[in-house]
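Enquirer: Let me begin by handing over the structure; questions about it come next.
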Amino acid sequence: MRILSGIQASGSLHLGNYLGALKKFADMQSLEAERFYMIADLHAITVWQDPEKLLSQTREIAACYLAAGVDPARSTIFAQSAVPAHTEMAWLFNCVARLGWLDRMTQFKDKAGKDKERASIGLYTYPVLQAADILIYKATHVPVGEDQRQHLELTRDVAKKFNHDYKTDYFPLPDTLYQGPGARIMSLRDGSAKMSKSDPSDNSRINLTDDADTIASKIKKAKSDADALPSEAAGLAERPEAKNLVGIYAALAGVSVEAVLADFGGKGFGTFKPALAEVVVEKMAPISERLRALLADPAEIDRLLTIGAERANEVSAPVVKDVKKIIGLWG
Ligand code: TYM
């Protein structure tokens, strides 16, 4: 089993990133597997980034990994741009992936907006680089949030087409791990919108950098409804805000939605919100404290990233070499 995942180096992380990705990265350390967790700085530049900020964001995401419990002794943490195999394989896969596949990617449509003529070509081929990220480690498992489902399907399509075109079984088809109530965390202000770094309202998300008071006040202000919680999960179907808050509780407490409703069914948000605030503060405030301490020592983060990049290079460079040979390339 080989696990790979990544987080873009753009803006600070939030509870959705934690539950959809970071927490799983840390939890998966109990498995018999090799783990690669990268900071996707090459993906970040598909839209313009201030150079100085980009460097500090990369460091900050590395610190978030550590603060969330990713242990560099058991997981390789590195910056994507420090490992040349990513870009090299992305070109080779540009020649495997089809335009039609990329045309169907909803993230490009969302991010490019109306004026897609002005979007970078990198933004368009973004999923091909992501396929390279995964396949140069011959990863078998990829923990991500639900919003990455389409990109992971494309990765499998690239692996399948490569294997088919070159009559090989070189690449394993990676499994996507996005199960559980943390897979899609919604905005605290609108249960129909994903919790996101780009939402202009800071009250829409819990940031990994928020302290205990800020967290508690954001939960208090979170949009809810006037009804008591149902005692069965089916009763949440038409109540997106309630469903989201119960899901957050379940994912953080490590219990099922049904178990949360067994405790809180029949109770209103006046009872549930303080209990939820307590769980979120208990789990998230220590992370923000650790994060602050880690960011006070950037040299240590840089040291870990250097070691991580060496290991990532060791594993990925031979894969590119093999693939070039399979394709019949000279170099
Ligand atoms: P990114 O940086 O947008 O998000 C990082 C991870 O957080 C998850 N996530 C969420 N999960 C639940 N609820 C939410 N509201 C929420 N928002 C974000 C994402 O699903 C993701 O797992 N393209 C990727 C980065 C990437 C990558 C890779 C991932 C680059 N190469 C290779 C896996 C494998 C991205 O932009 O994630």
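The values are calculated or read from the model by the stated rules, or taken from the named source; none is laboratory data. Everything quoted here is computed from the prediction, not taken from an experiment. Positions of Cβ are generated from backbone atoms using ideal geometry, with glycine treated the same way; all protein chains shown enter the neighbour counts. These area figures cover heavy atoms from the full protein model, side chains too; ligands, DNA and RNA do not enter into them. Shrake-Rupley method; radii C 1.70, N 1.55, O 1.52, S 1.80 Å.
Enquirer: Residue 107 - would you say it is in contact with a Ser or Thr (Cβ under 8 Å, 6 or more places away or on another chain) and touching a residue at least 12 places away in the same chain (Cβ under 8 Å)? Full working, then the answer.
Expert: On the way: in contact with a Ser or Thr (Cβ under 8 Å, 6 or more places away or on another chain): no; touching a residue at least 12 places away in the same chain (Cβ under 8 Å): yes.
Here the answer is no, as residue 107 does not meet what is asked.
Residues checked against (1) assigned by TED's automatic domain parsing to the domain that holds residue 275; (2) surrounded by 17 or more Cβ atoms within 10 Å (Cβ to Cβ); (3) touching a residue at least 24 places away in the same chain (Cβ under 8 Å); (4) within 11 Å of the ligand (Cβ to nearest atom):
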{"residue": "191", "(1), (2), (3), (4)": "no, yes, yes, no"}
{"residue": "197", "(1), (2), (3), (4)": "no, no, yes, yes"}
{"residue": "207", "(1), (2), (3), (4)": "yes, yes, yes, no"}
{"residue": "223", "(1), (2), (3), (4)": "yes, yes, yes, no"}
{"residue": "229", "(1), (2), (3), (4)": "yes, yes, yes, no"}
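Enquirer: Still on this structure, please answer the following. Step by step: first the residues of region 1-53, then only those that are hydrophobic (A, V, I, L, M, F, W, C) and surrounded by fewer than 17 Cβ atoms within 10 Å (Cβ to Cβ), then the one that is nearest to the ligand (Cβ to nearest atom). Which residue is that? If you could, list the steps in order and put the result at the bottom.
Expert: Going through region 1-53, the residues hydrophobic (A, V, I, L, M, F, W, C) turn out to be 1, 3-4, 7, 9, 13, 15, 19, 21-22, 25-26, 28, 31, 33, 36, 38-40, 42, 44-45, 47-48.
Cutting the leftovers down to surrounded by fewer than 17 Cβ atoms within 10 Å (Cβ to Cβ) gives us 1, 31, 33, 47-48.
Working: 1: 15, 31: 17, 33: 15, 47: 11, 48: 16 Å.
So, considering only residues that are hydrophobic (A, V, I, L, M, F, W, C) and surrounded by fewer than 17 Cβ atoms within 10 Å (Cβ to Cβ), the one nearest to the ligand (Cβ to nearest atom) is 47.
Enquirer: Also, I was wondering about something else. Residues to consider are 331, 308; find the one that is in a helix (DSSP H, G or I), open to solvent by less than 80 Å² (accessible area, probe 1.4 Å), of a type in the set (Gly, Ala, Ser) and under 30 Å from residue 90 (Cα atoms). Talk me through it step by step, then tell me what you get.
Expert: Details: 331 fails: in a helix (DSSP H, G or I).
Among 331, 308, only 308 is in a helix (DSSP H, G or I), open to solvent by less than 80 Å² (accessible area, probe 1.4 Å), of a type in the set (Gly, Ala, Ser) and under 30 Å from residue 90 (Cα atoms).
Enquirer: Let me ask something else about it. Quick one: in region 112-149, which of the residues that are within 10 Å of the ligand (Cβ to nearest atom) and either surrounded by fewer than 18 Cβ atoms within 10 Å (Cβ to Cβ) or charged (D, E, K, R) (or both) is nearest to residue 321 (Cα to Cα)?
Expert: Filtering first and then ranking leaves 133.
Enquirer: Search region 73-106 for residues being in a helix (DSSP H, G or I), open to solvent by 40 Å² or more (accessible area, probe 1.4 Å) and over 23 Å from residue 323 (Cα atoms), and hand back the single one that is nearest to the ligand (Cβ to nearest atom).
Expert: As a first pass, look at region 73-106 and keep what is in a helix (DSSP H, G or I): 80-82, 85-94, 99-103, 106.
Those left that are additionally open to solvent by 40 Å² or more (accessible area, probe 1.4 Å): 81-82, 87-88, 91, 94, 99, 101, 103, 106.
So of that shortlist, the ones also over 23 Å from residue 323 (Cα atoms) come out as 103, 106.
Values: 103: 18, 106: 13 Å.
Here the residue is 106.
Enquirer: Anything in region 234-255 that is open to solvent by 40 Å² or more (accessible area, probe 1.4 Å) and over 26 Å from the mean Cα position of the chain (by Cα)? List them, or say none.
Expert: Matches in region 234-255: 234, 238.
Enquirer: Return the total of residues in region 209-221 being open to solvent by 20 Å² or more (accessible area, probe 1.4 Å) and within 22 Å of residue 272 (Cα to Cα). First the steps, then the outcome.
Expert: Kept after step one, since they are open to solvent by 20 Å² or more (accessible area, probe 1.4 Å), are these residues of region 209-221: 209, 211-214, 216-217, 220-221.
Of the ones still in play, those that are also within 22 Å of residue 272 (Cα to Cα) are 211-214, 216-217, 220-221.
Total satisfying the criteria: 8.
Enquirer: For region 155-183, give me each residue that is within 11 Å of the ligand (Cβ to nearest atom) and at pLDDT 95 or above.
Expert: From region 155-183, those within 11 Å of the ligand (Cβ to nearest atom) are 155, 174, 176-178, 180-183; that's our starting set.
Answer for region 155-183, where residues must be within 11 Å of the ligand (Cβ to nearest atom) and at pLDDT 95 or above: 155, 174.
Enquirer: Further question on the same structure: Could you tell me whether any residue of region 315-324 is assigned by TED's automatic domain parsing to the domain that holds residue 83, in contact with a helix residue (DSSP H, G or I) (Cβ under 7 Å, 6 or more places away or on another chain), over 30 Å from residue 179 (Cβ atoms) and surrounded by fewer than 17 Cβ atoms within 10 Å (Cβ to Cβ)?
Expert: The answer is yes, given that some residue of region 315-324 is assigned by TED's automatic domain parsing to the domain that holds residue 83, in contact with a helix residue (DSSP H, G or I) (Cβ under 7 Å, 6 or more places away or on another chain), over 30 Å from residue 179 (Cβ atoms) and surrounded by fewer than 17 Cβ atoms within 10 Å (Cβ to Cβ).
Enquirer: Continuing with this model, one more query. Kindly list the number of the only condition in (1) more than 10 Å from the ligand (Cβ to nearest atom); (2) closer than 22 Å to residue 243 by Cα; (3) crowded, with 22+ Cβ neighbours inside 10 Å that fails for residue 186.
Expert: Just one mismatch for residue 186, condition (1).
Enquirer: Which members of region 27-42 meet the condition of being farther than 18 Å from residue 141 by Cβ and either touching a Phe, Trp or Tyr at 6+ places or on another chain (Cβ under 6 Å) or acidic (Asp, Glu) (or both)?
Expert: Let us first name the residues in region 27-42 that are farther than 18 Å from residue 141 by Cβ, namely 39, 41-42.
Result: 41, single match.
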